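I have placed the structure first, in the form of structure tokens, so that the comments after it can refer back to it.
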Amino acid sequence: MIRSSRQAGFSLVEILVGLVLFGLLMLALTGALRAGLFGSARVEAATAALEQRQTATDVLTSLLRRADPAPDWSGRDARVAFDGARDGLSFVAVLPEGLGGALGLVRLSVADGRLIADTCAASRAAGQLACRGAAQRSVLAADLSRVTFAYFGQPGSGEGRRWLDTWRDQPDLPDAVRIAVDSVRGRWPDMILRPAIEVAP
């Protein structure tokens, strides 16, 4: 009877090939896992940015739709209480119930990359509207690189309807307000909002 001197098992070369294949498999799985986590983080960031944009649009639409001309009769000519500039906007509105539900002052401004709405209940003194109490500040959007306002309408000077950088000392509200926003994640679609189409009692 002849006995084989070879023992059963793996040779050193077979073990090395197995380790290399196992390492390559682990490398591929780690890469796939990292890609999945990175993709998930990107989706979450994009979703948060979309929710922020939608919330800001909803609040701005609600406030501007409740704009009240509230003319200032202190001067010789009546002028609406609406002061629009390229970098901000102040107006009178019937505030939503969550903000008091009464006639109030609204100021939209941009500071430190944030779009801010300051609101307060209004009272009239000496023909002028002023805050009654402290203003409530709300950050509508953050991580913004630029926000600009423009106003569409026919100015009191009698010129035709067009987009203007300012809307001050006018007899009427503008027909529309355009808000252009650039965020760190890209440009938002322009918001074109119409003031005073629903004034709640």
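The values are calculated or read from the model by the stated rules, or taken from the named source; none is laboratory data. Bear in mind the structure is a predicted one, so any value in this text is a computation, not a measurement. Cβ: placed from backbone, ideal geometry, glycine included. Neighbour counts: every protein chain shown.
Restricting the first member to the range 33-57 and to residues that are within 21 Å of residue 138 (Cα to Cα), and the second to residues that are surrounded by 10 or more Cβ atoms within 10 Å (Cβ to Cβ), the beta-carbon pairs closer than 6 Å and six or more apart or on different chains are 49/185; 52/141; 53/188; 56/140; 56/141; 57/191. Across the range 142-201, which residue is farthest from residue 115 (Cα to Cα) among those that are among the polar types (S, T, N, Q) and within 22 Å of the chain's Cα centre (by Cα)? Applying the filter and picking the extreme gives 166. Please tell me if residue 150 is crowded, with 17+ Cβ neighbours inside 10 Å and assigned to a loop (DSSP other than H, G, I, E, B). So residue 150 fails the test.
Only one entry in 106, 59 is under 24 Å from residue 173 (Cα atoms), modelled with pLDDT of 85 or more and part of a strand (DSSP E or B), namely 106. Output the residue which, of all residues in the range 5-18 that are hydrophobic (A, V, I, L, M, F, W, C) and either surrounded by 10 or more Cβ atoms within 10 Å (Cβ to Cβ) or touching a strand residue (DSSP E or B) at 6+ places or on another chain (Cβ under 8 Å) (or both), is farthest from residue 185 (Cα to Cα). By that ranking, first place goes to 10. So, residue 189, is that one more than 25 Å from residue 45 (Cβ to Cβ) and not charged (D, E, K, R) or not? For residue 189, the condition - more than 25 Å from residue 45 (Cβ to Cβ) and not charged (D, E, K, R) - is not met.
Is one or more of the residues making up the range 67-85 at pLDDT 90 or above and either surrounded by 18 or more Cβ atoms within 10 Å (Cβ to Cβ) or of a type in the set (A, V, I, L, M) (or both)? Checked the range 67-85: at least one residue is at pLDDT 90 or above and either surrounded by 18 or more Cβ atoms within 10 Å (Cβ to Cβ) or of a type in the set (A, V, I, L, M) (or both).
All conditions in (1) at pLDDT 75 or above; (2) of a type outside the set (Phe, Trp, Tyr); (3) over 20 Å from the mean Cα position of the chain (by Cα); (4) on the phi > 0 side of the Ramachandran plot hold for residue 112, with the sole exception of (3).
Can you tell me which condition residue 25 does not meet? The list is (1) under 41 Å from the mean Cα position of the chain (by Cα); (2) part of a helix (DSSP H, G or I); (3) not charged (D, E, K, R), and all the others hold. Every condition holds for residue 25 apart from (1). Considering each residue of the range 24-35 in turn, at least one proves to be more than 30 Å from residue 106 (Cβ to Cβ), surrounded by 10 or more Cβ atoms within 10 Å (Cβ to Cβ), of a type in the set (Ser, Thr, Tyr) and modelled with pLDDT of 75 or more. The condition (being aliphatic (A, V, I, L, M), outside any loop (DSSP other than H, G, I, E, B) and touching a residue at least 12 places away in the same chain (Cβ under 8 Å)) is satisfied by just one residue among 196, 180: 180.
Return yes or no: is residue 189 over 19 Å from residue 61 (Cα atoms) and surrounded by fewer than 17 Cβ atoms within 10 Å (Cβ to Cβ)? In short, no. Scanning the range 153-182 for residues that are at pLDDT below 90 and over 23 Å from residue 81 (Cβ atoms) yields one hit, 160.
Within the range 87-95, one or more residues are among the acidic types (Asp, Glu), surrounded by fewer than 19 Cβ atoms within 10 Å (Cβ to Cβ) and modelled with pLDDT of 90 or more.
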